[in-house]
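Peer 1: Shown below is the structure under consideration.
Please treat every number below as a calculation from the coordinates, not as lab data. Source: prediction; values computed, not measured. Glycine also receives a Cβ, built like all others from the backbone with ideal geometry; neighbour counts cover every protein chain displayed.
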Amino acid sequence: MDIKNLHNVGEKTAKLLNKLGIYNDNDLINFYPYKYNVYNFSKEYIDNITLITRVKIESNPIVIYIKKNLNKLSFRASSDKNIINVVIFNRAFLKINLLVGKEVTLIGKYDSKKNLFTASDIKFNIVNGQIEPVYHLVKGLTNNIIIKIIKSNLESINIIDYLPIEYQNKYNLVSKNKAISDIHFACSLESINNAKKRLIYEELFEFSFKMNYLKKLNQKKLKNAKKFDEEKVSLLINSLGFSLTDDQKSSVNDILNDLKSNKKMNRLLLGDVGSGKTIVATIGIYANFLSGYQSSLMAPTELLAYQHYYSINSILDKFGVTVELITGSMTKKEKEKIYERVKNNEIDLLIGTHSLLNDNLIFNNLGLVITDEQHRFGVNQRFTLQDKSMSPDILYLSATPIPRTYAMTIYGDLDVSYIKTKPFGRKEIITKLKKENEIKEVLHDMLEQIKLGHQIYVVCPSIDQNEENDLTSVNLLKDKLNIAFKNMINIEIIHGKMKSNEKDAIMNDFKNNQIKILISTTVIEVGIDVKNATMMVIFNAERFGLATLHQLRGRIGRNELQCYCYLISSFDNDRLKVMEESNDGFFISQKDFELRGHGDLFGIKQSGDMNFKIANLKNDYNILLLANEDTKKYIESKEYLKNDYYKNIVDNFLIVD
Ligand code: ADP
Ligand code: MG
């Protein structure tokens, strides 16, 4: 049911809920709190610790406006024993609700000398021991609104339980109904934990099911062994102007062997940013071409697709490979022209974004499908790719910096090739944290790099995904830098809202060293490769996850020059210090986890392999292992054919035996 038809959801609220990824009743109940507040009333008033206390309002509140953004609301209140003075800042709007005689709950600290309670929050309708769910929000929605919406609709929403009952019983898990109701509105922490356990298992069960099903399918899939002249492949490798690292060589070997085998390739090429995955994939594409087949390469962003086109074409063109690019922003006509040429086998390699999954795109003889930055897509996409064509070899590229054991589990359906070392001769990027008031030093160093003929990336955060804010921040920065550099340096902007041809033009100019400083949002996060860029300056660095910072920083350090990364932030931040310490994606992701200890593990949120609603790969790894074993048995026994939900998953893609 559409969210608009639910209680307490109007047109406006519906739009806000959409922003949180909630479109229907099912999304709503599966929108779990990310934490809970527990209101245990304090027994006595002790100075300087956070207290929760229920009081009665004894005097009309008085509001004083101190400065533009500062107001103070104060009143007297009585607790069991004494009368206290209460202040709270910047809540002038509460005044109308704070009526004499009303009981409210104060959260804050008490100073016995002044008999003053400084509240950080005032709550209405809270009872002792009450647990309050806390949800992620967007501007315009409050936690209370979300609570109200879920509460008023929970009863009437039909909750479908698709976990096979035998597994619920096996682990003594609570029912789906109870789990959903408790995850939102439980009376005890124990019920919350039981609800979590159930939902985590259920989620990992589905994930493992898909993976193990794919694995089983792929094991059976045969194809025609590919034949190609390995001498010619060597010629290409020798033309590169650098020699492959050992890991690159062995990865190339793995791929060539897969191509030559009559078993379908399902391989993941895993390597940190800058480890040189693209060239390995390119060699695979060439071998596939020599065997007489077409290839496709899918990238998560248009910018990256464009860049792959640019760099791969410059390698393969002279070897007779016809490379084309297809993007979502092309006109229908342009696309149709490409479809036609693909169908007629006039294109050997087609590079694009999701548009490659279009049903109208029919290859003449697709032999190799490559997905770059696979962690952005996830296991569901691995499903989609399966039914796309005959039975091509499949290669996934990923920089997911995760330990091998985890990788083996989340990519359990794939063979894995690792690139552990960076190309020879690379210098460690020097990373420095700078406060905003130290910007002069940074500007000075920027100028130095420009004088050396090098180029610079400047990145600003996307604030709350709010595009408008985003744009002003990059524009503002451009103005500021132009003033600082007296308009002597060519500075340009690139961001996700630009048209694709505008982006291409900017990227081209940057590649050709026409643009010296490129200011961008995180659109440059993935894959972009401009060797002459030696410096990256990231503003409001504290707003980024470490994994994102690592990916961003991976845009520099792509040649033998000494490169520098400045992280500008006025906050003291242990997380950012990790970036100063290390250039190793794996180390950084571990540290990130230790420091934050919750969700968003490896920094890959919202999309891709680790897009779990409630499970956390690291904390729940043991449950994942159980689910992994359970689903193997579930598949072997063919029990899933009796379960509508799982049967449906399986039926929704073609099985090509
Ligand atoms: P990633 O693994 O992050 O996708 P890329 O494939 O973009 O990395 O490679 C990073 C850069 O390193 C590219 O400019 C590429 O041409 C270069 N490169 C790749 N392999 C080598 C090598 N063996 N020696 C020197 N440079 C290399
Ligand atoms: Mg890459």
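Peer 1: Out of region 253-276, which residues are over 21 Å from G412 (Cβ atoms) and within 11 Å of ligand 1 (Cβ to nearest atom)?
Peer 2: Result: D272, V273, G274, S275, G276.
Peer 1: Additional query: Do any helices (runs of 4 or more DSSP H) entirely within region 269-383 hold 1 or more residues that are of a type in the set (S, T, N, Q) and within 27 Å of M498 (Cβ to Cβ), and if so, which?
Peer 2: On the way: elements: 277-290, 302-316, 332-343.
Here the list reads 277-290, 302-316.
Peer 1: Then there is this: Can you find a residue that is assigned to a strand (DSSP E or B), of a type outside the set (A, V, I, L, M, F, W, C), touching a residue at least 12 places away in the same chain (Cβ under 8 Å) and under 30 Å from N158 (Cβ atoms) anywhere in region 63-82?
Peer 2: Taking region 63-82 first, the residues assigned to a strand (DSSP E or B) are 63-67, 70-78.
Next, from what is left, pick out any that are of a type outside the set (A, V, I, L, M, F, W, C): 65, 67, 71-72, 74, 76, 78.
Imposing the further condition that a residue be touching a residue at least 12 places away in the same chain (Cβ under 8 Å) reduces the set to 65, 71-72, 74, 76, 78.
Applying the additional criterion that residues be under 30 Å from N158 (Cβ atoms) yields none.
Within region 63-82 (the criterion being assigned to a strand (DSSP E or B), of a type outside the set (A, V, I, L, M, F, W, C), touching a residue at least 12 places away in the same chain (Cβ under 8 Å) and under 30 Å from N158 (Cβ atoms)), the answer is no, since none of the residues qualifies.
Peer 1: Follow-up. If the Cβ limit is 7 Å and pairs must be 6+ apart or interchain, which residue in region 530-557 that is under 18 Å from K434 (Cβ atoms) and of a type in the set (G, A, S) pairs with which residue that is more than 14 Å from ligand 2 (Cβ to nearest atom) and not in a loop (DSSP other than H, G, I, E, B)?
Peer 2: Sorted first by the residue in region 530-557, then by its partner, the pairs are A541/L549; A541/L567; A541/I568; A541/L576.
Peer 1: Taking region 281-305 as the search range and keeping residues that are more than 10 Å from ligand 2 (Cβ to nearest atom) and of a type in the set (A, V, I, L, M), which one is farthest from G585 (Cα to Cα)? Please lay out each step first, then the result.
Peer 2: First pass over region 281-305, keeping only residues more than 10 Å from ligand 2 (Cβ to nearest atom): 282-298, 300-303, 305.
Right, trim to of a type in the set (A, V, I, L, M) and you get 283, 285, 287, 290, 297-298, 303, 305.
Details: I283: 25, I285: 27, A287: 31, L290: 35, L297: 24, M298: 23, L303: 23, A305: 23 Å.
So, considering only residues that are more than 10 Å from ligand 2 (Cβ to nearest atom) and of a type in the set (A, V, I, L, M), the one farthest from G585 (Cα to Cα) is L290.
Peer 1: Right, next: I'm trying to understand the selection: among the residues of region 430-451, which are more than 25 Å from F571 (Cα to Cα) and free of Cβ contacts under 8 Å to residues at least 12 places away in the same chain? Reasoning before the result, please.
Peer 2: Here is the first cut: in region 430-451, the residues more than 25 Å from F571 (Cα to Cα) are 447-451.
Scanning region 430-451 gives E448, K451.
Peer 1: Given the conditions (1) surrounded by fewer than 16 Cβ atoms within 10 Å (Cβ to Cβ); (2) more than 16 Å from ligand 1 (Cβ to nearest atom), and given that S314 satisfies all but one, which numbered condition is not satisfied?
Peer 2: (2)
Peer 1: Another one. Go through the residues of region 548-561 one by one and say whether even a single one is more than 16 Å from ligand 2 (Cβ to nearest atom), outside any loop (DSSP other than H, G, I, E, B) and surrounded by fewer than 24 Cβ atoms within 10 Å (Cβ to Cβ).
Peer 2: Initially, region 548-561 is screened for residues more than 16 Å from ligand 2 (Cβ to nearest atom), giving 549, 560-561.
Narrowing the set further to residues that are outside any loop (DSSP other than H, G, I, E, B) leaves 549.
Among the residues that remain, those that are also surrounded by fewer than 24 Cβ atoms within 10 Å (Cβ to Cβ) are: none.
No, region 548-561 contains no residue that is more than 16 Å from ligand 2 (Cβ to nearest atom), outside any loop (DSSP other than H, G, I, E, B) and surrounded by fewer than 24 Cβ atoms within 10 Å (Cβ to Cβ).
Peer 1: Further, regarding this structure: Is it true that some residue in region 117-138 is surrounded by fewer than 17 Cβ atoms within 10 Å (Cβ to Cβ), closer than 20 Å to F31 by Cα, without any contact (Cβ under 8 Å) to a residue 12 or more places away in the chain and of a type in the set (V, I, T)?
Peer 2: No, every residue in region 117-138 fails to be surrounded by fewer than 17 Cβ atoms within 10 Å (Cβ to Cβ), closer than 20 Å to F31 by Cα, without any contact (Cβ under 8 Å) to a residue 12 or more places away in the chain and of a type in the set (V, I, T).
Peer 1: Out of the residues in region 236-251 that are of a type in the set (A, V, I, L, M, F, W, C) and free of Cβ contacts under 8 Å to residues at least 60 places away in the same chain, state the one that is farthest from I285 (Cα to Cα).
Peer 2: Going through region 236-251, the residues of a type in the set (A, V, I, L, M, F, W, C) turn out to be 236-237, 240, 242, 244.
Still in the list and also free of Cβ contacts under 8 Å to residues at least 60 places away in the same chain: 237, 244.
Details: I237: 12, L244: 16 Å.
The extreme case among them is L244.
Peer 1: Could you pull out the residue among I588, I524 that is within 16 Å of ligand 2 (Cβ to nearest atom), touching a residue at least 24 places away in the same chain (Cβ under 8 Å) and β-branched (V, I, T)? Give the steps one after another, and end with the answer.
Peer 2: Working: I588 fails: within 16 Å of ligand 2 (Cβ to nearest atom).
Criteria check complete, one pass: I524.
Peer 1: Report yes if I157 is of a type in the set (V, I, T), within 30 Å of the chain's Cα centre (by Cα) and over 21 Å from T409 (Cα atoms), otherwise no.
Peer 2: Details: of a type in the set (V, I, T): yes; within 30 Å of the chain's Cα centre (by Cα): yes; over 21 Å from T409 (Cα atoms): yes.
Considered against the rule, which asks whether it is of a type in the set (V, I, T), within 30 Å of the chain's Cα centre (by Cα) and over 21 Å from T409 (Cα atoms), I157 comes out as yes.
Peer 1: Got at least one residue in region 95-109 being more than 20 Å from I126 (Cα to Cα) and either surrounded by 18 or more Cβ atoms within 10 Å (Cβ to Cβ) or not hydroxyl-bearing (S, T, Y) (or both)? Write out each step before concluding.
Peer 2: Filtering region 95-109 down to residues more than 20 Å from I126 (Cα to Cα) leaves none.
So far as region 95-109 goes, no, none of its residues is more than 20 Å from I126 (Cα to Cα) and either surrounded by 18 or more Cβ atoms within 10 Å (Cβ to Cβ) or not hydroxyl-bearing (S, T, Y) (or both).
Peer 1: Need the failing condition index for N218 against (1) within 16 Å of ligand 1 (Cβ to nearest atom); (2) among the polar types (S, T, N, Q); (3) under 30 Å from the mean Cα position of the chain (by Cα), just the number.
Peer 2: With (1) within 16 Å of ligand 1 (Cβ to nearest atom); (2) among the polar types (S, T, N, Q); (3) under 30 Å from the mean Cα position of the chain (by Cα) applied to N218, the lone miss is (1).
Peer 1: Then there's this: The conditions are (1) assigned to a loop (DSSP other than H, G, I, E, B); (2) surrounded by fewer than 15 Cβ atoms within 10 Å (Cβ to Cβ); (3) not basic (K, R), and P33 fails exactly one of them. Which is it?
Peer 2: Result: P33 passes all but (2).
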